[in-house]
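Reading through the structure tokens given below for one structure.
The values are calculated or read from the model by the stated rules, or taken from the named source; none is laboratory data. Here the structure is a predicted model, which means the values were calculated and not measured. Heads up, the Cβs are rebuilt from the backbone with ideal geometry, glycines too, and the neighbour counts pull from every protein chain shown.
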Amino acid sequence: MGTKAYLMVNLKKRFSDDGYYLDAVRELATIPEVKSVEPVSGVCDLLVKVDAPIRVVFVANKILAKEWVKGLKILRIEPEPVETPKHTVREQLEPTLAHKATTRV
């Protein structure tokens, strides 16, 4: 699991032009980091969710290189969650410290 990001993609043509967006959706689906593609209405044509094990900018550049892309904006980036230790160092050492205390002569 890597960094999750949401990208807004604008196409050069409209959705209604010969199923143009279907080809775009299929091509985006071939990019391994792309997890979902949704057509939307409003300020962008497609909303793309990516899960990038590398930097998001590399995935964005892959998408920008497509001939049918007019523009791209990164909507949101969710950094990879940092794992927190289940126990503090003191809690991990307590059984050892307690054992040493009972075995001292």
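Structure notes:
- Whichever residue in segment 12-27 is under 16 Å from Cys44 (Cβ atoms) and in a helix (DSSP H, G or I) and, among such residues, is modelled with the lowest pLDDT: Tyr20
For every residue, the table says whether it meets (1) touching a Gly at 6+ places or on another chain (Cβ under 8 Å); (2) modelled with pLDDT under 90; (3) surrounded by 15 or more Cβ atoms within 10 Å (Cβ to Cβ); (4) within 19 Å of Lys4 (Cβ to Cβ).
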residue: Thr30; (1), (2), (3), (4): no, no, no, no
residue: Glu38; (1), (2), (3), (4): no, no, no, yes
residue: Leu47; (1), (2), (3), (4): no, no, yes, yes
residue: Pro53; (1), (2), (3), (4): yes, yes, no, yes
residue: Val57; (1), (2), (3), (4): no, yes, no, yes
residue: Ile63; (1), (2), (3), (4): no, no, yes, yes
residue: Glu67; (1), (2), (3), (4): no, no, no, no
residue: Leu75; (1), (2), (3), (4): no, yes, no, yes
residue: Pro79; (1), (2), (3), (4): no, yes, no, yes
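- Inter-residue pairs, beta-carbon under 7 Å, first in contact (Cβ under 8 Å) with a residue 40 or more places away in the chain and in segment 34-57, second of a type in the set (D, E, K, R) and in a loop (DSSP other than H, G, I, E, B), 6+ apart: Val50/Glu33; Asp51/Glu33; Ala52/Glu33
- All of Val48, Val37, Val43, Val57 fail the test of being of a type outside the set (S, T, N, Q), within 27 Å of Pro79 (Cβ to Cβ), out of contact with any helix residue (DSSP H, G or I) (no Cβ under 9 Å at 6 or more places or on another chain) and not in a helix (DSSP H, G or I), apart from Val43.
- Unmet criterion (only one of (1) out of contact with any Pro (no Cβ under 9 Å at 6 or more places or on another chain); (2) surrounded by 12 or more Cβ atoms within 10 Å (Cβ to Cβ); (3) outside any loop (DSSP other than H, G, I, E, B); (4) modelled with pLDDT of 80 or more) for Lys4: (1)
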